[in-house]
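Engineer: Take this structure first; my questions come after.
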């Protein structure tokens, strides 16, 4: 396994864990009907702590990028990463389209709070990381089966 594959596996793991935790938190908030917007005004310390916790996965992605620089990739790794990035972008657009359609269906007022849009962008970044990682891992797997590794 080369450095590009190690980096892809680490990004896959971080994005999967982040998306699973986000799904659990969103489900908990929705089931218990918690108004997350009031958290910012009622307890700013809790809001700041949660914001710091949300940056940890992003910092881990940056650390992984520093540990496995792209300058050591060969042509095959660069091609796989390019294709995976395109597939990730298409996946994010599909994800955002689905979320917008979902918001449209459940919205009674016709507007979305600003904080929810910020969280949506955060989730979209990790959906992009996840889909790109899965696409790259599939390409590495197919290449290994064809004897290209």
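The values are calculated or read from the model by the stated rules, or taken from the named source; none is laboratory data. Note that the structure is predicted; figures quoted are calculated from it, not measured. Glycine gets a Cβ as well: all are built from the backbone with ideal geometry, and neighbour counts include every protein chain shown.
Engineer: Within region 74-100, can you find the residues that are within 14 Å of residue 139 (Cα to Cα), more than 14 Å from the chain's Cα centre (by Cα) and surrounded by fewer than 16 Cβ atoms within 10 Å (Cβ to Cβ)?
Structural biologist: 75, 76, 78, 79, 82, 83, 86
Engineer: Is it the case that region 76-94 has a residue that's more than 25 Å from residue 17 (Cβ to Cβ), assigned to a helix (DSSP H, G or I) and modelled with pLDDT under 85?
Structural biologist: The answer is no, given that none of the residues of region 76-94 is more than 25 Å from residue 17 (Cβ to Cβ), assigned to a helix (DSSP H, G or I) and modelled with pLDDT under 85.
Engineer: Moving on. Pairs, please: C-beta under 6 Å, at least 6 apart or cross-chain, first residue surrounded by fewer than 16 Cβ atoms within 10 Å (Cβ to Cβ) and in region 1-25, second not in a helix (DSSP H, G or I)?
Structural biologist: From region 1-25, the pairs are 3/68.
Engineer: So, one more: Residue 12 versus (1) modelled with pLDDT under 85; (2) under 18 Å from residue 128 (Cβ atoms): which is the lone unmet condition?
Structural biologist: (1)
Engineer: Now a separate question. Collect the residues in region 39-51 that are surrounded by 10 or more Cβ atoms within 10 Å (Cβ to Cβ) and either part of a helix (DSSP H, G or I) or at pLDDT 80 or above (or both), keeping them in residue-number order.
Structural biologist: Matches in region 39-51: 39, 40, 42, 44, 46, 47, 48, 49, 50, 51.
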